[in-house]
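The values are calculated or read from the model by the stated rules, or taken from the named source; none is laboratory data. Bear in mind that the values here come from a model prediction, so they are computed numbers and not experimental data. For neighbour counting, all protein chains shown are included, and Cβ atoms are generated from backbone atoms with ideal geometry for every residue, glycine included. The accessibility values were calculated without ligands, DNA or RNA, using every heavy atom of the protein model including side chains. Shrake-Rupley method; radii C 1.70, N 1.55, O 1.52, S 1.80 Å.
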Amino acid sequence: MVTPYRGRFAPSPSGPLHFGSLVAATTSYLQAQANNGEWWLRIEDIDPPREVAGASEAIISSLAAHGFIWTGEIQYQSRNREQHDAAIKELLDTSQAYPCTCTRKHIRATAKSGPAGPVYPGTCRNGPDSGMSAHKALASNDGTRAIRIRTSDEPVAFTDQLQGQIEQRIRSQIGDILVLRKNKLIAYHLAVVVDDHAQGITEIVRGTDLLESTPVQIFLQRMLGLATPAYMHFPIAVDSSGDKLSKQTGAKPVNDATPVSNLLRCLQFLGQQPPDELSDSTVAIIWDWARENWHPEALSGVRNLDLPGTN
Ligand code: GLU
Ligand code: ZN
């Protein structure tokens, strides 16, 4: 039996939907539609300090205003904490993870910089706590221990549908990443890997800003004995100074009153060629056109295209 396609859009509630996140939603949606698949909406709300009040609701109503139809109930990452904890416990039990007591200051002073930021130098890998039982490491609620995975330099390679062959050596390029922070918040990579598996996601469609995250997520999947889904990283929208449009850099929210022109601009950005007549139509008609005329190959040509007036 062929596994049915299951995709997802996984916004963090750090602000309302802006043009860059509309592009992400649209790309993953059309990929799912073109594959007669499901498209799940998952709100990645595991980082309360970065969460903006009302952002989840704003994202959801923008998606609805733009005619997106998601499968099933909206998923909230924070509600999957038990599975995140179970995965961390498994990593500790199998000595694939260890407690880390390093301070930020120490890491800043000792880490080399890698393509995705500072590479943790491995100070606690064989430290006094490294053999601590999972129970003890997780039970210590004193805020002094984070948990890191024990990575290796075995190359991790995958073929991205748009970006081609990608290969990385995790230990020297990324380092032993955190799966649990000292403040007991779950780290992004762990949550994504566990949730994508729990939801049975077959293809992950997201922006090239997350391309560096993929090898480490594949590494984590292997540690946990989970299958690796397919990946497609599309070029992201940037502003006139070349920075990613993001909620953090203050990209303007999309205007929910003009979904037709927003979607058309989005399709143009994605290298699709919506006919002019569509500007007088409805979102439903645009989605029908977009689904039938979806050319993901066109995405390889739209590398970080600058669109004036989108941020
Ligand atoms: N929540 C992440 C973000 O908003 C996306 C995670 C993913 O697609 O894997 O940037
Ligand atoms: Zn440490």
Calculate, for Ser300 and Ser130, the FRET efficiency according to 1/(1 + (r/R0)^6) with r their C-beta to C-beta distance and R0 35 Å; round to the nearest 0.05. 0.20
Taking Cβ-Cβ under 4.7 Å as the only way to count a partner, pick out the unpartnered cysteines of the chain. Cys102, Cys266
How tilted is helix 55-65 with respect to the longest principal axis of the chain? Cα atoms for both, answer in degrees (0 to 90, nearest 10). 30 degrees
Of all trypsin sites (Lys or Arg not before Pro) in the range 175-229, which ones are in loop regions per DSSP and have a Cβ with at most 16 other Cβ atoms within 10 Å? Arg181, Lys184
Listed residues Lys136, Lys89 arranged by accessible area, highest first, probe 1.4 Å: Lys136, Lys89
So, relative contact order of the range 163-247 in percent, Cα under 8 Å, 6 or more apart, is 29 percent
Would you mind checking the tilt of helix 19-34 against the longest principal axis of the Cα atoms of the chain, expressed as 0 to 90 degrees and rounded to 10? 80 degrees
Relative to 2.2 N^0.38 Å, what does the C-alpha radius of gyration of the chain come to as a ratio? Two decimals please. 1.04
Lys/Arg Cβ at +1, Asp/Glu Cβ at -1, dipole of the range 57-163 taken about the Cα centre: which of Ser152, Cys100, Ser62 is farthest positive-ward? Cys100
Between the range 180-246 and the range 108-145, the Cα center-to-center distance that results, in Å: 21 Å
What number, in percent, do you get for the relative contact order of the range 16-136 if the mean sequence gap of Cα pairs under 8 Å and at least 6 apart is divided by its residue count? 22 percent
Residue span Ala198 to Thr110: 0.36 nm per residue of separation minus Cα-Cα distance leaves a gain in nm of 28.0 nm
Ser241-Glu154 pseudo-label distance in nm [points 7 Å out on the Cα-to-Cβ vector]: 4.3 nm
Which shape class applies to the range 1-79: rounded if a/c is under 1.5, otherwise prolate when a/b exceeds b/c and oblate if not, where a ≥ b ≥ c are the square roots of the Cα gyration tensor eigenvalues? prolate
Would you tally the net charge around Ile170, using a Cβ to Cβ cut-off of less than 15 Å, leaving Ile170 out, and scoring K and R as +1, D and E as -1? +2
Give the residue from Asn36, Gly72, Thr123 lying farthest towards the positive end of the charge dipole for the range 24-128; charges sit on Cβ (+1 for Lys and Arg, -1 for Asp and Glu) and the dipole is referred to the Cα centre. Thr123
Rg (one decimal) and Dmax (whole number) from the Cα set of the range 1-145, in Å, equal 19.8, 55
Whole-percent carbon and sulfur contribution to the accessible surface of the chain (1.4 Å, no ligands, DNA or RNA) stands at 50 percent
Per residue, how much accessible area does the range 165-291 show when a 1.4 Å probe rolls over the protein heavy atoms, in square angstrom? 41 Å²
The whole-number value in µm²/s of the Stokes-Einstein translational diffusion coefficient for the range 168-281, with Rh from the Kirkwood sum over alpha carbon pairs at 10 °C and 1.306 mPa s, is 93 µm²/s
Eligible lysines near Lys89 by straight Cα distance, threshold 28 Å, same-chain separation 8 or greater: Lys105, Lys136, Lys182, Lys184
What Kirkwood Rh does the range 92-219 have if only Cα atoms enter the pairwise 1/r average? Answer in Å. 15.6 Å
Under 5 Å from the placed amide H of Trp39, counting only residues 5+ away or on other chains, we find Gly7, Thr71
Would you mind computing, in nm to one decimal, how far apart the modelled labels at Asp276 and Thr3 are, each placed 7 Å from Cα along Cα→Cβ? 4.6 nm
Mean separation of Cα pairs under 8 Å and 6+ residues apart, divided by the residue count of the chain: what relative contact order is that in percent? 22 percent
I need the calculated FRET efficiency for the pair Ile69 and Glu167, taking r as the beta carbon distance and R₀ as 35 Å, to the nearest 0.05. 0.40
Using the Karplus curve 6.51 cos²θ - 1.76 cosθ + 1.60 with θ = phi - 60°, what ³J(HN,Hα) values do you get for each residue of the range 35-45, in whole Hz, with x for Gly and Pro? 9, 6, x, 8, 9, 9, 10, 10, 8, 8, 9
Excluding residues fewer than 8 places away in the same chain, name every one of the aspartates and glutamates whose C-alpha is closer than 20 Å to that of Lys252. Glu51, Glu57, Asp209, Asp239, Asp243, Asp306
Can you figure out the FRET efficiency of Ala284 with Asn36, using R₀ = 22 Å and their beta-carbon distance, to the nearest 0.05? 0.75
If you take every DSSP beta bridge fully contained in the chain, what fraction is antiparallel? Give it as a percent rounded to 5. 55 percent
Charges only on Cβ, +1 for Lys and Arg, -1 for Asp and Glu: so what's the dipole of the chain about the Cα centre, in debye to the nearest 20? 1480 debye
Compute the angle between helix 81-93 and the longest alpha-carbon principal axis of the chain, please, reported from 0 to 90 degrees and rounded to the nearest 10. 40 degrees
